Amino acid sequence: MRAPRRRGCIGQLFVLVVLCLGVVYAVAAITSPWAFHIAGVPTPLLYWSATGTLHTKAGKYPMYVLFYPAPHFSRLRLDGLRPTGGLQGSASVCTSRGVIQYLKLSGTMYNGWSTTEDALISIRLLEPRYFDVGQHRGYFDLSGRWRGPQLVMDDRGAWASTFQSGVRIEHASVTLDRGSYSDFKAACESAGR
């Protein structure tokens, strides 16, 4: 009788990774099926990154966002639509001459359970806090809808809080197109010239 074959450490690690990925994809398929196809493009890694120019009262700033599904979101309706999922991620705004303001992104999707087309999204962009000692955190909010491959957003006249750098984002609007962080960095460098 032949002894059962034992897997090595690498084999066991591979099986564990495959099982974990299977669980992640199964949960996403049940709770956030929109994440597999964002803005009309397949997104097998379950995230969307985009760049655009943020138009504000004070000027224009290159902007980058990256988000993915999140388990937490607002339970309140917006424009009569019920929330269907959450988002989280990060953003960056090039505020002046190559100076980048890093931001934490959180938000809610409305009317977009299985697709993002014409879904409403509301996000808050908040200064990160590395140590919580009760310090002030700047933020601004954006809301908008996907129109094909673009996410068209504005602040709807919402109040914004000044960042520690002194920048305040007011009367903001942006059209985001799929793009990478390197696209954003290039736009930031050329804006600084």
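Every read-out reported here was derived from the displayed coordinates using simple, explicitly stated rules and does not represent laboratory data. Values in this document were obtained by computation on a predicted structure and should not be read as measured data. Glycine gets a Cβ as well: all are built from the backbone with ideal geometry, and neighbour counts include every protein chain shown.
With the largest listed first and rounded to whole Å, the semi-axes of the equivalent ellipsoid of the range 144-193 from the Cα gyration tensor are 21, 20, 8. Working note: Karplus 6.51/-1.76/1.60 with θ = phi - 60° gives the range 105-120 the couplings 10, 9, x, 9, 9, 10, 6, x, 5, 9, 8, 8, 4, 6, 6, 8 Hz, where Gly and Pro are set to x.
Projecting the Cα atoms of Pro128, Thr108, Gly148 onto the dipole axis of the range 89-180, where Lys and Arg carry +1 and Asp and Glu carry -1 at the beta carbon, places Pro128 farthest toward the positive end. Each residue of the range 16-27 is assigned a 3J(HN,Hα), and the resulting list reads 4, 5, 4, 5, 5, 4, x, 5, 4, 5, 5, 5 Hz, derived from the Karplus form 6.51 cos²θ - 1.76 cosθ + 1.60 (θ = phi - 60°), x at Gly and Pro.
With the convex hull drawn around the C-alpha atoms of the range 22-172, the volume per residue stands at 127 Å³.
Can you work out the FRET efficiency for the pair Ala28 and Arg156, with r the C-beta to C-beta distance and R0 = 22 Å, to the nearest 0.05? After rounding, the FRET efficiency stands at 0.15. Rounded to the nearest Hz, the phi-derived 3J(HN,Hα) couplings of the range 127-144 under the Karplus curve 6.51 cos²θ - 1.76 cosθ + 1.60 (θ = phi - 60°) are 4, x, 10, 7, 10, 8, 10, x, 6, 5, 10, x, 7, 8, 10, 9, 9, x, where x marks glycine and proline. Helical content of the chain, expressed as a calculated mean residue ellipticity at 222 nm, amounts to -6000 deg cm²/dmol (DSSP H runs of 4 or more residues, -39,500 (n - 2.57) each, divided by residue number, nearest 500). Normalised by the number of residues in the chain, the mean separation of alpha-carbon contacts (under 8 Å, six or more apart) gives a relative contact order of 20 percent.
Exposed loop sites here are chymotrypsin sites (Phe, Trp or Tyr not before Pro) assigned a DSSP state other than H, G, I, E or B and surrounded by at most 12 other beta carbons within 10 Å; excluding them, the longest clear run of the chain is 1-129. Within the range 29-85, the trypsin sites (Lys or Arg not before Pro) that combine a DSSP coil assignment with at most 13 other C-beta atoms in a 10 angstrom radius are Lys57, Arg75, Arg77.
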